Amino acid sequence: MAGGLCRTGSESGSFIISNQSGGISKDTWILSPEPDRTLTALKVPPDRIAETEEEMLPSHAAENLFWVGRYTERVLGNARFLRTVMQFLAEGNKLNTENNQHTEKSLLVALTQYTYTYPGFTGPQSQAKFANPWTELKEVLLNERRNGSLKFNFLQLQRVIHEVREHWSTDTWRVLRTMEEEAGPGHPLSHQGHLRMLHTLDNLITFIVAFIGLNRESISREQGWIVLDIGRKIEQSLLLLSMLKTTLVVRNSDLVDYNLQQSVLMSQESLVNYRYKYRRPIDLRLVLDFLLFDPNNPRSLTYQVDRLNAHRKNLPEARTGHALAEYERIIVEANALLKSSDKDQLTTLTADGNNYHLLDDFLSRMSLLLATIPDVISKTYFKHEVPHFPSNDVHLS
């Protein structure tokens, strides 16, 4: 060592040194007998340093990264839909008409189904909650002991983030600490009034989007990134399917349908892009085309399934012979179902004109397929008796 911080004592021969007994600290330098000698911390010359070999990803780390992806999208999706519902309720210039009342009830029921915060606005006390929805909305936002609430999901995200802390950059940690200061445990977020709740949602959404963006910039496109992004794409797909199923499969009046379709686009951060692409009023056929089938829309189902299909080729092989592995078969089947569907057929009404039965059937089948992928991946790769996540030499480009 070239030097260090040393402790010195007042008594010669005593190795017990403390401040109470008069010990002090001194900055100590070790002088070389050869003043021109160059000191280096390298054990070998730079040209002899071997490249670091890629390590296999531990199974526990792979599973936690997968759930970081899922919980990130779950918190973001729930926060955006909750904000959309609150904003609709809080509009001061909105007329208290039957159509608007119907829209409010439809959005509140959809929120309970979307976040799985049952009984919520679907239970026996729903009529009383419709009369004063803000009490229930505050519970969905702030009650950390309620399964499905935003605070509950955020704490789950925080837990898995800390399980794989070595994957986050310095700037990412700065965002995470700021986010935890506002929404972490010990911070009840007991804001009163809908404006403060909307402010809390705005901040949380900003932090989550920053976290996602920093991950895209700083994580190497290797196995850790692959399982993280697979988790994100699966959750995005399931949330989108759930939202469409809870809001758009039932035929309402033209104004109510317009309000619901606009709310879906807003909560998917797609309203501006929709208007720019189509330059037409909101229409169900175009909404489905944009959110289900547009390969250039990063929020569409086609985009998510395409990414899952690309990622499956970069996962370690788990097939027997020439047969597809189970998760590969599911992704291929989901992709085929998506490619064979048509927006015109999906918007066909039943004979009584009350619902879009083909759309309902499509969303249910697609949800069932995609919901089985996490279990299959978990059984295939997250086997913790095996010390490491299987490795291969193929990486995401």
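Consider segment 81-103 and keep the residues that are surrounded by fewer than 20 Cβ atoms within 10 Å (Cβ to Cβ) and either among the charged types (D, E, K, R) or touching a Gly at 6+ places or on another chain (Cβ under 6 Å) (or both). The one that is modelled with the highest pLDDT is Glu98.
I want to confirm something. Restricting to segment 193-213 and keeping residues that are touching a residue at least 40 places away in the same chain (Cβ under 8 Å) and over 18 Å from Glu269 (Cβ atoms), which single residue is surrounded by the most Cβ atoms within 10 Å (Cβ to Cβ)? Break it down stepwise before answering.
Step one: filter segment 193-213 for residues touching a residue at least 40 places away in the same chain (Cβ under 8 Å), giving 194-195, 197-198, 200-202, 204-205, 208-209, 211-212.
Next, from what is left, pick out any that are over 18 Å from Glu269 (Cβ atoms): 194-195, 197, 200.
On the way: His194: 16, Leu195: 11, Met197: 22, Thr200: 20.
Checking each candidate, the answer is Met197.
For segment 322-333, check the following and say yes or no: at least one residue is farther than 20 Å from Asn252 by Cα, outside any helix (DSSP H, G or I) and within 24 Å of the chain's Cα centre (by Cα). Talk me through it step by step, then tell me what you get.
Going residue by residue through segment 322-333, those that are farther than 20 Å from Asn252 by Cα are 322-333.
Filter once more, keeping what is outside any helix (DSSP H, G or I): 322-325.
Checking the rest, the ones that are also within 24 Å of the chain's Cα centre (by Cα) come to none.
Scanning segment 322-333 turns up no residue that is farther than 20 Å from Asn252 by Cα, outside any helix (DSSP H, G or I) and within 24 Å of the chain's Cα centre (by Cα).
Residues in segment 346-397 that are among the charged types (D, E, K, R), at pLDDT 95 or above and either exposed (fewer than 12 other Cβ atoms within 10 Å of the Cβ) or not in a helix (DSSP H, G or I) (or both): how many? It would help to see each step written out before you state the result.
So the first thing to find is which residues in segment 346-397 are among the charged types (D, E, K, R), and the list is 352, 360-361, 365, 375, 379, 383, 385, 393.
Narrowing the set further to residues that are at pLDDT 95 or above leaves 360-361, 365.
From what's left, either exposed (fewer than 12 other Cβ atoms within 10 Å of the Cβ) or not in a helix (DSSP H, G or I) (or both): none.
Here the count works out to 0.
When segment 334-345 is filtered for residues that are over 11 Å from Asn309 (Cβ atoms), in contact (Cβ under 8 Å) with a residue 40 or more places away in the chain and part of a helix (DSSP H, G or I), the ones remaining, listed by number, are Lys343, Asp344. Does Ser253 meet the test of being on the phi < 0 side of the Ramachandran plot and exposed (fewer than 15 other Cβ atoms within 10 Å of the Cβ)? Considered against the rule, which asks whether it is on the phi < 0 side of the Ramachandran plot and exposed (fewer than 15 other Cβ atoms within 10 Å of the Cβ), Ser253 comes out as yes.
The values are calculated or read from the model by the stated rules, or taken from the named source; none is laboratory data. If you're wondering where the values come from, they're calculated on a predicted model, not measured in any experiment. Here Cβ is always computed from backbone atoms with ideal geometry, including for glycine, and neighbour counts include all displayed protein chains.
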